[in-house]
Every structure is written in C-alpha cells, then in structure tokens.
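Structure, as structure tokens:
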Amino acid sequence: MFEHVQTVMAIAEAAPAEGFTGGKLLGSVGAGGLALVGTAALVGGIREPKGQSKIRYKLSSTQATLIGIGAGTCYAAAGSIWTATGDLSQAFASIFTGGAFGAAGLGAVSGLLGAFLYFRELSPGRGALAGILAAGVWSQAGGIWGVPEALVLTTAGALGAM
C-alpha cells in the first residue's frame with residue numbers, strides 16, 4: 001500500500017498534463033473546504049430523510065465518529081466560523097479540569113473520551129458529536145493524543161488539500 005501512495009504522490013507532483021491545472025490531487029480545497037465536506041458527510045450520513053426520499057448510505061457509529069474526528073480537526077485548522085467547535089471542546093474539558101474532579105488534566109479528559117468512544121456503542125449522531133469533541137480535546141492535550149490530528153493533517157497535506 002505504501003508503494004501505491006508513493007506512486008499517487010509522484011503523479012500528483014508531476015508536470016501538469018493538458019487539462020490538468022496544478023499539482024494538487026484534490027485541487028484547491030483548503031481546511032475550510034475539508035471541514036465543509038466533513039460536515040456534509042456527517043449530516044447526509046446520520047440524518048434520516050424526510051418525505052419519500054431515501055438515504056443512500058447510512059453511517060455506522062464508528063464511521064460517524066471517525067469522520068467527526070477528521071472534521072473536528074479540520075475545524076480547528078480552518079478557523080473562522082469553525083472555531084465554535086473548539087470552544088465547545090474547551091468548555092467540555094473545563095468541566096473536568098476545573099478542580100471539581102481533583103487534579104485532572106487534559107490527558108485525563110482525553111483518556112475519558114477515548115474510553116467512552118471505545119466501550120460505548122453510540123448512535124451515529126452522538127458518535128459524530130463525540131468525535132468532534134474528542135478532536136478538539138485531543139489536539140489541546142498533545143502527546144499521544146495528538147496522533148489523530150497529525151494523521152488527519154498529514155494526510156490532507158499529502159493529498160494537497162491544505
């Protein structure tokens with residue numbers, strides 16, 4: 001698989017072919033665009049359709065959580081209107097780090113969220129919200145908890161989306 005990724009990256013960085021305008025695999029997307037696409041995927045994949053329309057693909061709880069983590073990371077990278085989710089993550093973390101639970105730090109809140117996501121089967125909507133919250137808290141905590149953020153941002157950068 002790694003060889004496949006290297007081949008795709010080599011093609012993306014090659015000289016532009018006729019009709020191909022740039023070396024980015026996904027074109028000009030940006031962090032705000034990725035946040036928008038992630039939000040659309042979550043809304044489309046977890047909401048039941050109204051009327052006679054049918055849902056093409058319903059996200060599972062795990063899929064919604066993973067897309068939520070990716071979208072939450074892109075929210076933080078995009079800034080602007082997307083910073084509301086970072087404020088939500090900070091407010092959630094402050095419940096536990098404010099002293100009511102003793103000397104709990106962001107690492108403990110990250111572990112709490114990780115355990116909750118691993119051991120509980122959530123509805124897709126709640127899984128998406130928990131993933132978005134986790135992305136914000138994990139990026140603030142750093143250390144091993146920063147790995148999902150680094151993975152999302154590195155992958156987006158490798159695809160030329162940011």
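The values are calculated or read from the model by the stated rules, or taken from the named source; none is laboratory data. What you are looking at is a predicted structure, and each value in this text was computed from that prediction instead of being measured. Note that we place each Cβ from the backbone using ideal geometry, even for glycine, and neighbour counts take in every protein chain shown. Ligands, DNA and RNA are excluded from the accessible area calculation, which covers all protein heavy atoms including side chains. Shrake-Rupley method; radii C 1.70, N 1.55, O 1.52, S 1.80 Å.
General remarks:
- For peptides 132-139, 104-111, sequence by mean Cβ density within 10 Å, most packed first: 132-139, 104-111
- Averaged per residue, the stretch 19-162 has 57 square angstrom of accessible surface, using a 1.4 angstrom probe with ligands and nucleic acids left out.
- J(HN,Hα) series, the stretch 127-136, from Karplus relation 6.51 cos²θ - 1.76 cosθ + 1.60, nearest Hz, glycine and proline x: x, 5, 5, 5, x, 5, 4, 4, 4, x
- Carbon/sulfur fraction of accessible area - the stretch 52-162, other protein chains in place, 1.4 Å, %: 65 percent
- Between Lys54 and Phe116, the FRET efficiency estimated from the beta carbon spacing at R0 = 35 angstrom works out to 0.65.
- Extension gain (nm, one decimal) between Ile81 and Ile95, 0.36 nm per residue minus Cα-Cα: 2.7 nm
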